[in-house]
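Trainee: Handing you this structure, nothing more for now.
The values are calculated or read from the model by the stated rules, or taken from the named source; none is laboratory data. Keep in mind it's a predicted model, so treat the numbers as computed, not measured. In this analysis, Cβ positions are derived from the backbone assuming ideal geometry, glycine residues included, and neighbour counts consider all displayed protein chains.
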Amino acid sequence: MNTQTATIKPNLAVVDGKTAPLSEILEILDRDGGVIVHNMLSPEVVARMLEELKTTTTSTQIGPKTSHELVNHFWGEQTKRFTRLAQRSQTFADEVLVHPILLGVADALLKPHCASYWMNTGQMMIVMPGGNPQYMHRDSDDWPTMNTPTTSICQISCMLALSDFTTENGATRVAPGSHKWTDYKREATEDEITQAAMPLGSGMIYTGKVLHSAGANKTKNEARFGLHMSYIYGWLTPEEAGCLGVTEDRAKTLTPLQQRLLGYRCYDGSDLNGGRLWTVDYEDIPTGLGWKTK
């Protein structure tokens, strides 16, 4: 008699952000490259942030603002994207940019290789109905020489669900374990890919080495509201020019940590036998610009 062995699809582990110790999150990240963390943001925080971003969400066009075919395919022709979130939302600055779980992960995985880290990008990604899936990619491919099977992790990311993420509306597709592949050029097969279905307020934390992509939104009238937040080494060039998207007047109202993450502080690697980078008149930015600090 012929028998067939059913393919077992991989899954991402799920933990509760209110109770899971950082050590558990780090252990899963090391094993799988990604982990779903429930209860990272309360429904009230999500609602407040969406209200603060409502004007920009409404006015942002669907699809990229370029004629480049590859960019259109990657960014999504049925996707709304925008940045400058710290300028546009106090809730983002207070609840996402400096989220304690994300800072804990970044401290553990990035700080061994840098004096400090900063925001790579804070980006709204709203996949509209009819949106096709992205191609699978590794975020750290932005820095090719830093993204190999033997190099250290240079990027920590989180996709926050500002609406329920389902398999139907485009929940992020992930290939667990792909960060440990010895061949980064090979593509993931469908039986190696799962989707990060998760309720509003959850986040999928992942490293820049794991293969993933936005899923297809197969619904007729349900937009998938996601927010990407990521950090990189303080000596790497980020995707988003954070300090250009936040005015000086706005930056003066932020904490020193928020300022540093957005590029309004210098990178001081002197304690690691490195240099002082990103300065003004060879001073830290607030001093170099003549700010009156609190």
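Trainee: Among the residues of the range 46-57, are any of a type outside the set (Val, Ile, Thr) and either modelled with pLDDT under 95 or in contact with a Gly (Cβ under 9 Å, 6 or more places away or on another chain) (or both)? Walk me through how you get there before you give the answer.
Mentor: Kept after step one, since they are of a type outside the set (Val, Ile, Thr), are these residues of the range 46-57: 47-54.
Now narrow it down to the ones that are either modelled with pLDDT under 95 or in contact with a Gly (Cβ under 9 Å, 6 or more places away or on another chain) (or both): none.
No, the conditions are met nowhere in the range 46-57.
Trainee: Out of the range 214-227, which residues are surrounded by 19 or more Cβ atoms within 10 Å (Cβ to Cβ) and either of a type in the set (S, T, N, Q) or touching a Leu at 6+ places or on another chain (Cβ under 8 Å) (or both)?
Mentor: Asn217, Phe225, Gly226, Leu227
Trainee: Cβ contacts < 8 Å: first residue farther than 30 Å from Glu95 by Cα, restricted to the range 184-209; second residue β-branched (Val, Ile, Thr) and assigned to a loop (DSSP other than H, G, I, E, B), any location; separation 6+ or different chain. Result?
Mentor: Close Cβ pairs (under 8 Å, with a partner that is β-branched (Val, Ile, Thr) and assigned to a loop (DSSP other than H, G, I, E, B)) amount to Tyr184/Thr148; Asp191/Thr7.
Trainee: Name the pairs: first residue in the range 24-51 and under 16 Å from Val96 (Cβ atoms) and without any contact (Cβ under 8 Å) to a residue 60 or more places away in the chain, second residue in a helix (DSSP H, G or I) and not small (Gly, Ala, Ser), Cβ to Cβ under 7 Å, at least 6 apart or on different chains?
Mentor: The qualifying pairs are Arg48/Thr91.
Trainee: Do we find a residue being outside any helix (DSSP H, G or I), of a type in the set (Phe, Trp, Tyr) and modelled with pLDDT of 95 or more anywhere in the range 91-98?
Mentor: No: the range 91-98 contains no residue that is outside any helix (DSSP H, G or I), of a type in the set (Phe, Trp, Tyr) and modelled with pLDDT of 95 or more.
Trainee: Another question about this same structure. For the range 206-232, give me each residue that is in contact with a helix residue (DSSP H, G or I) (Cβ under 6 Å, 6 or more places away or on another chain) and either under 16 Å from Thr79 (Cβ atoms) or not in a loop (DSSP other than H, G, I, E, B) (or both). Talk me through it step by step, then tell me what you get.
Mentor: Initially, the range 206-232 is screened for residues in contact with a helix residue (DSSP H, G or I) (Cβ under 6 Å, 6 or more places away or on another chain), giving 207-211, 229, 231.
If the condition is that a residue be in contact with a helix residue (DSSP H, G or I) (Cβ under 6 Å, 6 or more places away or on another chain) and either under 16 Å from Thr79 (Cβ atoms) or not in a loop (DSSP other than H, G, I, E, B) (or both), then Thr207, Met229, Tyr231 are the ones that fit.
Trainee: Inspect the range 274-290 for any residue being in a helix (DSSP H, G or I) and under 26 Å from the mean Cα position of the chain (by Cα) and give the result as yes or no.
Mentor: At the first step, the residues of the range 274-290 found to be in a helix (DSSP H, G or I) are 285-288.
Add one more test, that the residue is under 26 Å from the mean Cα position of the chain (by Cα), and what stays is 285.
Among the residues of the range 274-290, at least one is in a helix (DSSP H, G or I) and under 26 Å from the mean Cα position of the chain (by Cα), which makes the answer yes.
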